[in-house]
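Data block below; observations after.
The values are calculated or read from the model by the stated rules, or taken from the named source; none is laboratory data. Note that the coordinates shown come from a computational prediction; the quantities given were computed from them, not determined experimentally. Methodologically, a virtual Cβ is constructed for each residue, glycine included, from the backbone with ideal geometry; neighbour enumeration extends over all protein chains shown.
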Amino acid sequence: MQSPNPCSDIADNTLDLLRDAAKMQMGKGLDQDSEMMEKVKKKTEERLKAQQQKREQLKEQLEQLKAKMMMKAVEKLLEGASEEEVLSELELTGEMEGLEEQIEQLDSEPHAISEEDFDEALKDLEKKGLLDGRGKGVILTSKGAQLLGRGFLSRILMNLARKGLGAHRVEDIGHGPWLAATYRPYEPGDPYDRINVERSLMAAIERGGGFSEMKTSDFRIHESRHATEVHFGVLVDQSASMKKKGKMEAAVETALALSELMRLEFPEDRLRVYAFSEETKMVEPYELPGVVVPQQFTDIRRPLRAFRLAVAMEPGNKQAHLITDSAPNFIDGEFVGFKKAMEAVIEEVRLYRLHDILLNVVMLDDDPELREMAKRIAQVNNGRVFFADPQNLGEALVEDYLWSKKEILSL
């Protein structure tokens, strides 16, 4: 049995620096006491100290040259040279002018935090391959995002371990069947409790019949097969309101942590991440900090449909977590208002139930109407509703995923 925390070897300061880098990539400001700002301030102090030392060195060199120049002028004067000859000795040489220009340049450089200080603070992460320093802005590499996810996962697992739940790899998976979301026609001897009524009705309707005209050939049976894999979807709302109160950062951290948990402990599982607002994009978890979608309206049906179409024919457990703080008001490129958009969402959720895809709703807003909306969506699908704060979002979803795995592996 593995340790409940397979990724506890990450230095906290590295994790905090990567977390701040992810916030910068998302266009977020940094707290003055953040790890990155502390490092930037240190780089600023080092730069200013180096500037001061350089300035003093240049001034000393300039004073020495001026002293030599004055000595020569005095010698000329004692030798009886003319006034013009003495004054010519007091003219600044090219070397002295160069020193004065360097001093002026140092004096003109910023005495507060500069872009150069940020660049210097990020260089260590770039050298380790955790940031991509080739382009403009801060961009996490896949390696950096992976390490960041491991760090988030480490903290989450330590909290869950205190509750008695951890990520334990199960080697003996047993022989219990999993009712996979694939169907076949009924055959004599099949248990009646495996008949799916909705699928059977659809088969009858497609044939041109109805409920009163159903035939045995219309019956559809759940395929019984042993499948422990989980197709896990995280649908992340990227509307403008998600940019507030740390919601987007929490969603990104959660997706990265889940990705690492599956990679390290349950490689047979598949995580699909969708970023949505007006449009929907399927992204790799490490791409989430930098993904941009139009944010004026919210189309919730589109990511739901995208995940359903991606997993409907896959065997195993299929479940999605919709992370949002908004109500739908947009369908396929058109603003339609809440009522019509909500009807489309409910229609899609019914298809989830038909395809045995569990939908859980994570509501990050405490507005009563939004909470009722979340409950309604979940009830149609027999899913669950999580009323979470950004601070405990990752823990809630990781724990839910682990409990799902525990139930599947115990079948």
Would you confirm whether any residue within region 154-171 is at pLDDT 75 or above, of a type in the set (A, V, I, L, M, F, W, C) and under 30 Å from Thr298 (Cβ atoms)?
yes
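Conditions tested, residue by residue: (1) more than 25 Å from Pro294 (Cα to Cα); (2) hydroxyl-bearing (Ser, Thr, Tyr); (3) in a helix (DSSP H, G or I); (4) not assigned by TED's automatic domain parsing to the domain that holds Leu264.
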position	(1), (2), (3), (4)
Leu322	no, no, no, no
Ser326	no, yes, no, no
Tyr352	yes, yes, yes, no
Val362	no, no, no, no
Glu372	yes, no, yes, no
Ala378	yes, no, yes, no
Glu395	yes, no, yes, no
Val398	yes, no, yes, no
Here is a list: Val292, Val273, Val345. Which entry is outside the structural domain of Gly27 (by TED's automatic domain parsing), of a type in the set (Val, Ile, Thr), farther than 19 Å from Ala378 by Cα and not in a loop (DSSP other than H, G, I, E, B)?
Val273
State whether the residues of region 206-222 include one that is assigned to a strand (DSSP E or B), at pLDDT below 80 and either surrounded by 21 or more Cβ atoms within 10 Å (Cβ to Cβ) or among the hydrophobic types (A, V, I, L, M, F, W, C) (or both).
yes
Quick check on region 255-267. Is at least one of its residues buried (at least 19 other Cβ atoms within 10 Å of the Cβ), of a type in the set (Phe, Trp, Tyr) and in a helix (DSSP H, G or I)?
no
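Residues are listed down the side, and each one gets a yes or a no for (1) in the same structural domain as Glu46 (by TED's automatic domain parsing); (2) in contact with a helix residue (DSSP H, G or I) (Cβ under 8 Å, 6 or more places away or on another chain); (3) modelled with pLDDT of 80 or more; (4) not polar (S, T, N, Q):
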residue	(1), (2), (3), (4)
Lys59	yes, yes, yes, yes
Glu75	yes, no, no, yes
Glu79	yes, no, no, yes
Glu100	yes, yes, no, yes
For region 300-313, does any single residue satisfy the condition of being crowded, with 19+ Cβ neighbours inside 10 Å and part of a loop (DSSP other than H, G, I, E, B)?
yes
Does region 269-287 include one or more residues that are without any contact (Cβ under 8 Å) to a residue 24 or more places away in the chain, surrounded by fewer than 24 Cβ atoms within 10 Å (Cβ to Cβ) and either basic (Lys, Arg) or under 20 Å from Leu351 (Cβ atoms) (or both)?
yes
Kindly indicate the residue of region 121-153 that is modelled with pLDDT under 85 and over 17 Å from Met26 (Cβ atoms) and also surrounded by the most Cβ atoms within 10 Å (Cβ to Cβ) among those meeting that condition.
Ala121
